[in-house]
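Visitor: Right, I'll just put the structure down here and ask away after.
The values are calculated or read from the model by the stated rules, or taken from the named source; none is laboratory data. Remember, predicted model here, so these are calculated numbers, not experimental data. Here the Cβ positions follow ideal geometry from the backbone for every residue, glycine too, while neighbour counts run over all protein chains shown.
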Amino acid sequence: MPSGNQKHLEASIRAADARCARMTLLSLESNPLAHEPCPCCDHLTLSERDRYETCPVCFWEDEPFVERVRSGANHNMTLKAARANFARFGACSKRCKAFVRDPMPWECPPP
Ligand SMILES: [Zn+2]
């Protein structure tokens, strides 16, 4: 016979599993911690700046110190070129267009 404590423990494990499954689903769709703007497309898709996170909306990899120089993490593109590409193709480069998704409503930058 399971004791009251054991029942309680089993219930909390089930709840934690459900939470974990929900987080996994969410993180596939979007990063729940994201609130920093992407330097390329301005959507709020990064959880931290300069940590090589890839933006799901434009596919720019957030490499530090690339305001003016070519980005090794982004096939030697400049941020300026990537921003122009995003305006034209909806991705940081034409070949990245296949990997991007539409922004979630909460990722859109404030007007
Ligand atoms: Zn972006």
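Visitor: Answer yes if at least one residue in region 92-102 is more than 16 Å from the chain's Cα centre (by Cα) and in contact (Cβ under 8 Å) with a residue 12 or more places away in the chain, and no otherwise.
Guide: Within region 92-102 (the criterion being more than 16 Å from the chain's Cα centre (by Cα) and in contact (Cβ under 8 Å) with a residue 12 or more places away in the chain), the answer is yes, since at least one residue qualifies.
Visitor: Of the conditions (1) modelled with pLDDT of 95 or more; (2) surrounded by fewer than 12 Cβ atoms within 10 Å (Cβ to Cβ); (3) not hydrophobic (A, V, I, L, M, F, W, C), Gly72 clears all except one; give me its number.
Guide: It fails just one condition, (1).
Visitor: A further question on this structure: Which condition number does Trp106 fail, the rest of (1) away from the ligand (no atom under 14 Å from the Cβ); (2) outside any helix (DSSP H, G or I) being met?
Guide: Every listed condition holds for Trp106 apart from (2).
Visitor: Checking the structure you have, find out if any residue of region 80-89 is modelled with pLDDT of 95 or more, within 11 Å of the ligand (Cβ to nearest atom), surrounded by 11 or more Cβ atoms within 10 Å (Cβ to Cβ) and in a loop (DSSP other than H, G, I, E, B).
Guide: No, region 80-89 has no match at all.
Visitor: Shifting gears a bit: What are the pairs, 6+ residues apart or on separate chains, where a residue within region 56-78 that is on the phi > 0 side of the Ramachandran plot has its Cβ under 9 Å from a residue that is surrounded by 12 or more Cβ atoms within 10 Å (Cβ to Cβ) and part of a loop (DSSP other than H, G, I, E, B)?
Guide: Phe59/Cys40; Phe59/Ala91; Phe59/Cys92; Phe59/Ser93; Phe59/Val100; Phe65/Asp50; His75/Ser93
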